[in-house]
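Q: Let me give you the structure first, and then I'll get to my questions.
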Amino acid sequence: MILTNDMIKDNLKDYSNKNTKISREVKKGNLIKLKNGLYETDSSVNGYLLAGSIYGPSYLSFDFALAYYGLIPEKVTTFTSATCNKKKKKIYSNQFGTFLYRDIPKEVYPFGVKVVEENNYTYQIATPEKALCDKLYTLSPIKNMKELENVLFEDLRIDIDEFNKLNLYDIEKISKFYHSTNLDLLYKYVRRKENE
C-alpha cells in the first residue's frame, strides 16, 4: 500500500517524534521509501503499479508500454511514463526500479489512456497506439516514409504482426495533436496501409 508522510503521521498520534518512528520503520523494512514523503509497505509489488504515484499526473507509455503490449521484443527495465507541462525529464530510482518521466504535448495527453486496476492498485497506461505515437514524438525528426519504416521495424524492432493489429483510426485521430513531423509521417503511413 502506498502511504504519504501525512497518512503515516496520522496513524502515529501517540508518538512524540513521528519522524524518528518513520525512520525506524524504513530501517526495519516495514516502509520502503519511493521518494521524499512517499512510501510503499509491500516490498514485492511490481514497480509499474507505483509509477503514477511517484510523479504525476502521468501514465505508463513509451518503451515500457510497447514491451507490455508485445510490440517490441526487449524486456524493458525502466518504467517509462508520459507527463505534460513539466518541461524536463524526471528520473527517480528506488528499490522497485528506475522511473523515467518525459513530456508530451498537453493537447494529446488525455487521449488513448486507460485506467487499470490490479492487486488493489490503480494505474494508467497508454493504449498500444498512443504508446507508439508517444515514442515517435521523442525521436529525432524522420525525413520520409522509407526512414519511418526503418525506424519502426529495424531500430525499434516493432513486431509487424502486432503493428498490423493496431487501430489505425486511433492513430489517425491522435497523431495531429502532437504537431510533429514524425507523427505526420506515421499518419500518412497508416493511411497508405489502410488503402493497400
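The values are calculated or read from the model by the stated rules, or taken from the named source; none is laboratory data. Quick caveat: nothing in here was measured; it's all calculated off a predicted structure. We place every Cβ from the backbone using ideal geometry, glycine too, and count neighbours over all the protein chains shown.
Q: Given the criterion surrounded by fewer than 20 Cβ atoms within 10 Å (Cβ to Cβ) and assigned by TED's automatic domain parsing to the domain that holds Leu156, identify the matching residue among Gly112, Gly70, Gly52.
A: Gly70
Q: Another question, if that's okay. Take Ile125 and decide whether it is on the phi < 0 side of the Ramachandran plot, modelled with pLDDT of 95 or more and buried (at least 21 other Cβ atoms within 10 Å of the Cβ).
A: Criteria met by Ile125.
Q: Which pairs turn up if I take residues in the range 1-13 that are more than 21 Å from Glu118 (Cβ to Cβ) and look for partners that are surrounded by 15 or more Cβ atoms within 10 Å (Cβ to Cβ) and β-branched (Val, Ile, Thr) with beta carbon separation below 6 Å, at least 6 apart in sequence or on another chain?
A: Ile8/Ile22
Yes or no, residue by residue, for (1) within 24 Å of the chain's Cα centre (by Cα); (2) small (Gly, Ala, Ser); (3) surrounded by 13 or more Cβ atoms within 10 Å (Cβ to Cβ):
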{"site": "Thr138", "(1), (2), (3)": "yes, no, yes"}
{"site": "Glu147", "(1), (2), (3)": "no, no, yes"}
{"site": "Glu162", "(1), (2), (3)": "yes, no, yes"}
{"site": "Leu166", "(1), (2), (3)": "yes, no, yes"}
{"site": "Ile171", "(1), (2), (3)": "yes, no, yes"}
{"site": "Lys176", "(1), (2), (3)": "yes, no, yes"}
{"site": "Ser180", "(1), (2), (3)": "yes, yes, yes"}
{"site": "Leu185", "(1), (2), (3)": "yes, no, yes"}
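Q: With the checklist (1) modelled with pLDDT of 95 or more; (2) farther than 14 Å from Lys130 by Cα; (3) of a type in the set (A, V, I, L, M, F, W, C) in hand, flag the one item Ile160 doesn't pass.
A: Only one criterion is unmet by Ile160, namely (1).
Q: Name the residues in the range 39-88 that are in contact with a helix residue (DSSP H, G or I) (Cβ under 6 Å, 6 or more places away or on another chain), touching a residue at least 40 places away in the same chain (Cβ under 8 Å) and β-branched (Val, Ile, Thr), would you?
A: Result: Ile72, single match.
Q: Moving on to the next point. Can we say Tyr92 is at pLDDT 95 or above, farther than 21 Å from Lys130 by Cβ, assigned by TED's automatic domain parsing to the domain that holds Glu154 and in contact with a helix residue (DSSP H, G or I) (Cβ under 9 Å, 6 or more places away or on another chain)?
A: Working: at pLDDT 95 or above: yes; farther than 21 Å from Lys130 by Cβ: yes; assigned by TED's automatic domain parsing to the domain that holds Glu154: yes; in contact with a helix residue (DSSP H, G or I) (Cβ under 9 Å, 6 or more places away or on another chain): yes.
When the stated conditions are applied, Tyr92 passes them.
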